[in-house]
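Structure first, commentary second.
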Amino acid sequence: MKILAIDTSNRPLSVAVLDGTTVLAAITVTVHQKHAEYLLPEIERLLAMADLQPTDLDRVVVAAGPGSYTGIRIAVTTAKTLAATLDIDLVAVSSLATLAANVPVEGALVAPMFDARNQNVFAGLYRIKQGVPTAEIADTHTDVTAFLTAVGEYGEPVWFLGDADHFRDLIGTTVSAATPAVSPWLNLPQVATIGLLGQKMTPVSDVDRFVPNYLRLTQAEAEWRAKNPEEDTGSYVEKI
Amino acid sequence: MILAFESSCDETSVAVIEDGHKILSNIVATQIKSHQRFGGVVPEVASRHHIEEVTLCIKDALAEAGVGYDDLDAVAVTYGPGLVGALLIGVTAAKTVAFAHNLPLIPVNHMAGHIYAARYVEPIEFPALALLVSGGHTELVYMPAENQFEIIGETRDDAAGEAYDKVGRVMGVNYPAGKTVDEWAHQGKDTFNFPRAMEKDDNFDFSFSGLKSAFINTTHHADQIGETLSKQDLAASFQQAVVDVLAEKTQRALADYPVKQLILAGGVAANRGLRERLERDLSSNPTTHLVKAPLKLCGDNAAMIGAFAYVAFKHGVFADATLNADPSLEFDWAADSAK
Ligand SMILES: [Zn+2]
């Protein structure tokens, strides 16, 4: 099975090409955040190095959010368009689980966090079970103290990843158990890992209707729904 | 055959165009109903809708045209101007399709697309002049030859379509207000004599903010003294002022730039008052012939993008996989223009 895996959820851009369990090429870049410009050229380059044509691909695995709205849209648009136009499988993985997959310690608790500003985070708590990150606390957009308090209640060592350094002091006061020191490398998505995991996952059933997992309504929608709680929130888009 | 994409604002559109002037399919998914909830386009909401629609539009466009990827010669896409997050969905999808099927990618300026909606009426003859009027733009574009565009005048503040939406809101008309204001205008009379801005200035620029303020002051004053004004007359007076400014400036531009065709294009080009006025003005012009973009191609659509992409293709204008959205893309100014 030939697999392309991509993640542009935040500043890092990560692309990998796999043939079954063999990683053919993988790259993670953090020097810029011009994903619109660089994602497709990197895919092109890695496939060429692996001596593969786009039409050789069997499956695309994408980190589908949460993260920067523009970032997750670029990865998801690229992935769903590739899957739709080549008629191949699309597998979606949480962008937080993608980071959690960096920890190869069976049974470990991993808390990947993305800074969402104003003391808010996108975060989840995962336990590594047979090498697969399994959600203990589902991905959420939340106040960071509330999240850390919930994590602290486990009373176990927790691997904090991603933007966790932004909240180091807070972690110290809310989580009493040990927090393993983390190499900066583990704070970056390495999509070869989700390329491997994604081979066993169930593909998205409706590629065309697939959208990123924003975990947040737009402000305009949230306000509108608060004012119109009765209104049907079905489809607002029509073909003309 | 070209597969064309458009997603610069609140319409997701994909079309299959043959030889630059035959529409095999033109799928348009509009988000108007969604943005009506907010009284105008909300960029983040627009981006989210585009990603819901884009691959469905591709499939529908190919199915309706009865073609497959093997039949295509190129992929084209609007890369600006527009909302950056909205543009990015079309650009990303188009680049991906081009890459997946090893097809050349043609970057298209949205405004060139609007002008080339006129190509579905008749071939464009040069030199030509285009009056482009939409929700985001109001400009006069001189085209000395194929694939050459020079701005000779543009709005200094609001676009004409923006002004329509703003006065519409004052009169309680839901976004987009153009159609209703146009209808009312035809039922009323120009009784308010709103200012015609910059009509006499020696350039081809437009301004609608003075008109908008005069309109708001008039209705505000009436509200304060408890007087009810005729919406029809207000609309007629507003529209007459807009049309006068657009038509006068266009006439003056035509005097300086003698052209074979005057092209009327853009969303506001569907306005009946404007179409009728230019028809009248041009009927006595022996050398310049008016070409109005077809009504159903005045709004944003991918067919118009495919029409211009055919020209770009002939001129060898291609992009690679690094193509990015350029939200403030615009034509160059004419070298000898007043600016
Ligand atoms: Zn437009």
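Things worth noting here:
- Among beta bridges that DSSP assigns inside chain A, antiparallel share in %, nearest 5: 65
- DSSP beta bridges fully contained in the stretch B:1-146 are about 70 percent antiparallel.
- Where only alpha carbons of the stretch A:73-168 are counted, the Rg and the Dmax (Å): 15.0, 48
- Chain A: calculated mean residue ellipticity at 222 nm from DSSP helix runs of at least 4, using -39500 (n - 2.57): -8500 deg cm²/dmol
- Whole-Hz couplings from phi, Karplus 6.51/-1.76/1.60, listed for the stretch B:30-39; x for Gly and Pro: 9, 9, 3, 4, 5, 6, 4, 4, 10, x
- Among beta bridges from DSSP that stay inside chain B, the antiparallel ones total about 55%.
- Base-10 log of normalised Debye intensity for chain A (one unit scatterer per alpha-carbon) at q = 0.09, 0.10, 0.12, 0.13 Å⁻¹: -0.40, -0.49, -0.69, -0.81
- When the Cα convex hull of the protein assembly as shown is projected onto planes of every orientation, the mean area is 29.6 nm².
- Whole-angstrom gap from the stretch A:1-63 to the stretch A:136-171, using each part's C-alpha centre: 30
- The Kirkwood hydrodynamic radius of the stretch B:39-168, based on inverse pair distances between different Cα atoms, is 16.9 Å.
- B:Gly80 long-range amide H proximity, modeled H, under 5 Å: B:His110, B:Asp326
- Dipole of the protein assembly as shown [Lys/Arg +1, Asp/Glu -1 at C-beta], most positive-end residue of A:Ser68, B:Trp184, B:Leu274: B:Trp184
Where a number appears in this text, it was derived from the coordinates with a stated rule and is not lab data. The shown structure was predicted, so the numbers you read here are calculated from the model rather than taken from an experiment. In this analysis, Cβ positions are derived from the backbone assuming ideal geometry, glycine residues included, and neighbour counts consider all displayed protein chains.
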